[in-house]
Amino acid sequence: MNGFDHISIKSFRPAILGTFILFIIAFISFKNLHMFYTLSGIISIVISGGIFMFAWNSRQFYDNSYMYVLGVAYLFVGITSVFDLMYLTGATPKIIAQDNTHIQLVLLGRFLEASSFILAAFLVRKNPNGYLLLGCFAVLVGTLLTSILYFRTFPIVIEPEFGVTLFWALGECLVVIFLLFAVFLLYKIRRIF
């Protein structure tokens, strides 16, 4: 007997289904780029919402607050993705839209995601109040979304004549630095998990 006797085709169903879905999405990306962006936006929103629901409903079982803080942050990353998807599909009023809106929303989502990993690492031993955390994120994201969509005070990220601005380039570099710092912090607190 070898070690593979217990493996059946049923155990490969999720992998086969996932591969099939990836091929469908790749095919769609070649045929209709707008539909691909819409599908990827919907998938990211569903995943963000799932992370939040899992973290929020299981918070009483955690020994630390890392997943809990990330779950709340991903709720607002998903909200940012909803606004981005609405902008891409034309569901937002054109009065509040501008050429940089999509890229600004993407950058906001990336900043929020990267900084939430750092925040979760710093709050891992604390027990933050969930509603206070939700309120702080709501005020922060609401203010930033308002500055992008209504007041138009968020810095310009693409100049039509010159291309990418310094703010966009430095912002992307800062997101990478934040993520690397978050990995470092996660390595330092690994014994908590």
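Things to note:
- Residues (closer than 25 Å to Y74 by Cβ, without any contact (Cβ under 8 Å) to a residue 40 or more places away in the chain and either of a type in the set (D, E, K, R) or out of contact with any helix residue (DSSP H, G or I) (no Cβ under 7 Å at 6 or more places or on another chain) (or both)) located in the stretch 141-166: G142, T143, T146, S147
- Qualifying position, being over 20 Å from S48 (Cβ atoms) and modelled with pLDDT of 95 or more, among F122, F162, F111, F181: F181
- Among the residues examined, I79 does not qualify as open to solvent by less than 70 Å² (accessible area, probe 1.4 Å), farther than 28 Å from G142 by Cα and either modelled with pLDDT of 90 or more or touching a helix residue (DSSP H, G or I) at 6+ places or on another chain (Cβ under 9 Å) (or both).
- Per the conditions (1) crowded, with 18+ Cβ neighbours inside 10 Å; (2) β-branched (V, I, T); (3) not in a helix (DSSP H, G or I), the sole criterion not satisfied by T153 is (1).
- Tally of residues being of a type outside the set (F, W, Y) and open to solvent by 50 Å² or more (accessible area, probe 1.4 Å) across the stretch 52-72: 6
- Cβ pairs under 8 Å, 6+ apart, first in the stretch 15-27 and open to solvent by less than 70 Å² (accessible area, probe 1.4 Å), second small (G, A, S) and in a helix (DSSP H, G or I): I25/S40
The values are calculated or read from the model by the stated rules, or taken from the named source; none is laboratory data. Source: prediction; values computed, not measured. No Cβ is skipped: glycine too gets one built from the backbone with ideal geometry, and neighbour counts run over all protein chains shown. Keep in mind that these areas ignore ligands, DNA and RNA; they rest on the heavy atoms of the full protein, side chains included. Shrake-Rupley method; radii C 1.70, N 1.55, O 1.52, S 1.80 Å.
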